[in-house]
Protein chains: 2
Amino acid sequence: MADSNRQPARATLERWRARLHSELHGSVIPFWMRHSLDQEFGGYFNCLDLDGRRFDTKKHVWLQGRQVWMLSKLFNEDRSRAELLEAAKLGARFLREHARRPDDQVYFCLARDGQPLTLQRKMFAACFYVMAFAEYARASGDTSYRTLALSEFDAILRWIEDPTPLGKPKLAGNQPTSELAVPMILLNLVAELRGAPGSPTFHDRPDYDAIERRCVAAIRRHHRPERGLVFETIAADGSLLDSPEGRLINPGHVIECGWFLLDFARRTKDSGLRDEALAMIRGALDFGWDREFGGILYFLDSEGFSPQQLEWPMKLWWPHCEAIVALLMAWRDTGDASWFARFEQVADWTFAHFPDAQHGEWFGYLDRRGDVSQRFKGGPYKGCFHVPRALWLCERELAAALAP
Amino acid sequence: MADSNRQPARATLERWRARLHSELHGSVIPFWMRHSLDQEFGGYFNCLDLDGRRFDTKKHVWLQGRQVWMLSKLFNEDRSRAELLEAAKLGARFLREHARRPDDQVYFCLARDGQPLTLQRKMFAACFYVMAFAEYARASGDTSYRTLALSEFDAILRWIEDPTPLGKPKLAGNQPTSELAVPMILLNLVAELRGAPGSPTFHDRPDYDAIERRCVAAIRRHHRPERGLVFETIAADGSLLDSPEGRLINPGHVIECGWFLLDFARRTKDSGLRDEALAMIRGALDFGWDREFGGILYFLDSEGFSPQQLEWPMKLWWPHCEAIVALLMAWRDTGDASWFARFEQVADWTFAHFPDAQHGEWFGYLDRRGDVSQRFKGGPYKGCFHVPRALWLCERELAAALAP
């Protein structure tokens with residue numbers, strides 16, 4: 001990265017802000033509002049082809065929850081937009097009615113009418129249920145959703161201590177490991193449950209501080225600053241594992257984790273943590289950026305073996321979304337113009353490859369060269385979330401930078 | 001496909017036979033004999049980089065079983081090669097000691113020392129255990145392995161009737177479906193348990209005929225001759241499902257299924273079934289062949305939506321292996337020279353892209369353009385199986401065609 005001392009011109013910031021705003025409110029949100037709402041059964045169609053046509057009526061709970069969260073968030077920012085609250089309600093009620101079992105497990109996928117289709121032996125569907133209801137409670141003023149979010153959050157805390165109820169058998173050869181995803185999502189969930197400090201809907205609980213501190217410590221153990229790498233899976237004792245899982249680097253995930261930490265470091269005014277988060281973001285981008293074709297590679301092996309994931313060289317939308325957020329935050333937090341230069345490098349590539357000017361929203365899956373590999377706008381893992389969240393967060397950073 | 005009436009010259013057949021033979025015995029089997037045998041703990045290292053270096057010590061049971069089968073098969077063809085039997089024994093003993101649980105479930109993955117690592121809620125690991133032991137019993141003369149194969153086979157038959165013991169929960173929205181993989185692998189297993197008709201190790205059981213007839217009928221229900229397509233998943237009542245799973249076409253799988261049926265039709269002298277198998281093979285190759293870059297695409301959606309599998313446009317080694325077997329069998333069974341022309345088209349592309357002349361064996365995973373995407377020779381799903389099986393079967397077909 002070139003170390004540039006030249007701060008971006010005000011006109012540059014204005015231009016980016018206008019572009020992000022029009023993408024969010026002129027292309028992305030309209031796509032979901034137009035094509036995803038199921039007025040008959042509630043919830044959202046999240047399997048949508050490039051033009052919004054449904055190619056499946058299944059409802060994947062990650063995406064249902066994330067869309068409820070996103071629409072609620074945007075409504076909470078501009079409470080004149082009643083249609084966003086109405087759309088959020090459609091998903092919140094559907095989730096409340098169908099997603100959660102009496103034992104607190106949350107289904108991974110539901111049929112159009114809400115009948116359960118699949119249950120994973122993981123806790124991530126539950127996390128997006130919590131995220132959705134924490135924000136929807138603020139949007140709707142219906143605090144029963146916060147109560148549901150908190151009781152599910154407590155179930156997640158129990159499963160982290162003892163995952164037995166999730167049903168994955170513990171076999172004799174299994175070694176205890178630490179997965180980056182777990183402290184990362186938990187840190188984000190506490191931030192979502194708290195809400196904006198100082199706002200009337202801010203929420204606190206005696207255990208939040210301790211959970212956050214544990215999460216930050218757990219994340220840091222995955223970082224090897226001397227290598228500039230954050231490993232997805234490490235041994236429970238903190239050592240590295242010499243296996244494909246142990247060598248796996250997911251640059252987009254590290255960059256997302258980096259801005260979760262930046263956000264936390266802002267709130268707690270922890271400059272040491274800020275600097276570590278910046279190092280993680282820089283390392284992931286240096287390691288993950290494809291010098292041949294541009295864009296961020298999906299998976300890498302720290303020692304240069306071929307990753308086992310067949311999709312390793314693809315360019316996915318979400319790592320690019322996370323990167324533009326992280327780089328703008330890094331620039332704002334440091335005042336170092338080289339971070340803005342890096343933001344523009346990634347944002348230029350992102351805007352040149354992902355948005356679909358014809359039908360709206362973004363393509364999600366490109367091949368290594370940047371050509372569209374999967375044309376759908378929504379699928380089991382892509383919905384109304386990473387793109388609008390990134391556009392919204394980036395716009396906020398730029399607005400703050402432009403504020404007098 | 002051009003309808004050519006010109007039969008291949010004898011010299012052409014000789015040339016292909018020599019090429020397949022030298023690939024099998026000069027490159028592929030030597031690679032596994034040199035790099036995969038774990039003399040310390042038994043079993044095989046199946047995660048091998050392009051030059052045979054291990055990138056993981058895990059032992060995936062599909063590949064352990066398939067390698068035992070392959071080595072036993074080659075030894076049974078040439079009983080002077082004691083090193084093949086020794087190597088087969090290494091895997092058979094390891095599997096016998098570590099792979100199967102008291103409830104007959106077979107682990108998916110073991111640690112180097114045999115400790116269990118993962119158990120899938122599926123029956124395929126058990127199938128390769130049966131396949132391995134059926135053939136190893138013939139190679140070693142130790143009939144206790146046949147007894148183990150038969151008792152595991154009976155467990156599989158029970159799970160097909162009632163999969164509850166495999167542990168996958170049945171949820172309210174789940175519709176009963178038929179998966180092509182199940183009757184296909186069962187048909188193949190019965191053929192493997194029987195062995196060569198007329199040989200001293202031929203094995204029969206009163207239920208085999210009925211199982212085979214049920215499998216053939218079940219497979220046929222997946223075929224839509226009017227569309228030239230075989231669907232991976234259909235409703236239990238035989239109707240098509242309008243979902244990504246229901247529209248999924250896996251051309252390599254259909255082609256493999258096609259030659260399983262051709263083999264069965266040969267044995268039973270069923271020309272109607274032979275013609276249906278030929279139609280399935282032709283349809284899959286017409287639909288799956290990539291007219292832009294050559295090679296067989298991995299997954300397709302019957303209605304032209306983007307498949308959800310991120311790897312859909314990749315060129316994998318195994319569909320090409322299955323295709324060269326199926327096309328040579330089709331040519332021999334019909335005498336129609338156009339099938340041989342099609343064999344040469346696919347085999348030329350295959351031999352131009354997959355074999356690694358430098359280190360031996362074949363690359364497994366190419367991108368759509370045919371460039372190597374994953375450089376390893378062995379991984380969780382690629383081992384000593386599809387390549388040597390195809391080379392061996394093709395050589396047999398050519399030898400029979402050349403026989404006076």
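Rounded if a/c is under 1.5, else prolate if a/b is larger than b/c, else oblate: which is region A:270-404, with a ≥ b ≥ c the root eigenvalues of its Cα gyration tensor? Taking the square roots of the gyration eigenvalues as a ≥ b ≥ c, region A:270-404 is oblate.
Averaged across A:52-64, how many Cβ atoms of other chains sit within 10 Å of each residue's Cβ atom?
Details: counts 0, 1, 0, 9, 8, 2, 4, 0, 0, 0, 0, 0, 0.
The mean count of partner-chain Cβ atoms within 10 Å per residue comes to 2.
Over the C-alpha atoms of region A:160-310, the Rg to Rh ratio, Rh being the Kirkwood estimate, stands at 1.00. Inter-copy label distances at A:PRO102, using a point 7 Å along Cα-to-Cβ, come to 3.1 nm with the shortest given first.
Overall form of region B:89-231: oblate. Here a/c, set by the Cα gyration tensor axes a ≥ b ≥ c, is 1.5 or more, and a/b is not larger than b/c. The residues of region A:10-402 have, on average, 37 Å² of accessible surface per residue, using a 1.4 Å probe with all protein chains present.
Each copy carries a label point for B:GLY198 at 7 Å from Cα toward Cβ; from one copy, the others' points are 9.0 nm away, ordered from shortest.
With each label modelled as a point 7 angstrom along the Cα→C-beta vector, the B:ALA399-B:ASP270 pair spans 2.8 nm.
Rounded to the nearest 20, the Cβ-based charge dipole of chain B about its Cα centre (Lys and Arg +1, Asp and Glu -1) stands at 540 debye.
Within the same chain, lysines fewer than 8 places from A:LYS58 are excluded, and of the rest, those with a Cα less than 20 Å from its Cα are A:LYS89, A:LYS122, A:LYS377, A:LYS382, B:LYS168, B:LYS170. Inter-copy label distances at A:ALA236, shortest first and taken from points set 7 Å along Cα to Cβ: 4.1 nm.
Ranked by the mean number of other Cβ atoms within 10 Å per residue, highest first, peptides A:340-349, B:96-105 order as A:340-349, B:96-105.
Let me confirm one metric for peptide B:39-51, namely the mean number of other chain beta-carbon atoms within 10 Å of its residues' beta-carbons. Could you put the intermediate results ahead of the total?
Values: counts 0, 0, 0, 0, 0, 0, 0, 0, 4, 0, 3, 2, 0.
That works out to 1 on average.
Straight-line cross-link reach from A:LYS269 at under 28 Å between alpha-carbon atoms covers these lysines, not counting any fewer than eight positions away in the same chain: A:LYS73. Only protein heavy atoms count here, probed at 1.4 Å, and on that basis chains B and A bury about 3300 Å² of accessible area in total.
Each of the peptides B:163-171, B:83-91 was scored by the mean count of other Cβ atoms within 10 Å over its residues; in descending order, highest first, they stand as B:83-91, B:163-171. Principal axis analysis of the Cα atoms in region A:111-166 yields extents of 35, 31, 13 Å, listed in decreasing size. Quick note on region B:156-248: its Rg to Rh ratio, both from C-alpha atoms and Rh being the Kirkwood radius, is 1.04. Charges on Cβ only, +1 for Lys and Arg, -1 for Asp and Glu, centred on the Cα centroid of region A:10-402; of A:LEU13, A:SER302, A:ALA196, which one is farthest towards the dipole's positive end? After comparing all options, I get A:ALA196.
For chain A, pairs of C-alpha atoms spaced more than 29 angstrom apart make up 43 percent of the total. The convex hull drawn around the Cα atoms of region B:1-101, when projected onto a plane and averaged over every direction, covers 9.9 nm². Shielding value for B:169-176 is 5, the average number of Cβ atoms from other chains within 10 Å of each residue's Cβ.
Looking at the square roots a ≥ b ≥ c of the eigenvalues of the Cα gyration tensor of the protein assembly as shown, which shape do they give, rounded for a/c under 1.5, prolate if a/b is larger than b/c, or oblate?
On the way: a/c = 1.81, a/b = 1.81, b/c = 1.00.
Prolate is the answer for the protein assembly as shown, as a/c is 1.5 or above and a/b outweighs b/c.
The values are calculated or read from the model by the stated rules, or taken from the named source; none is laboratory data. Because the structure is predicted, anything quoted here is derived from the model rather than measured. Cβ: placed from backbone, ideal geometry, glycine included. Neighbour counts: every protein chain shown. With ligands, DNA and RNA removed, areas are computed over all heavy atoms of the protein, side chains included. Shrake-Rupley method; radii C 1.70, N 1.55, O 1.52, S 1.80 Å.
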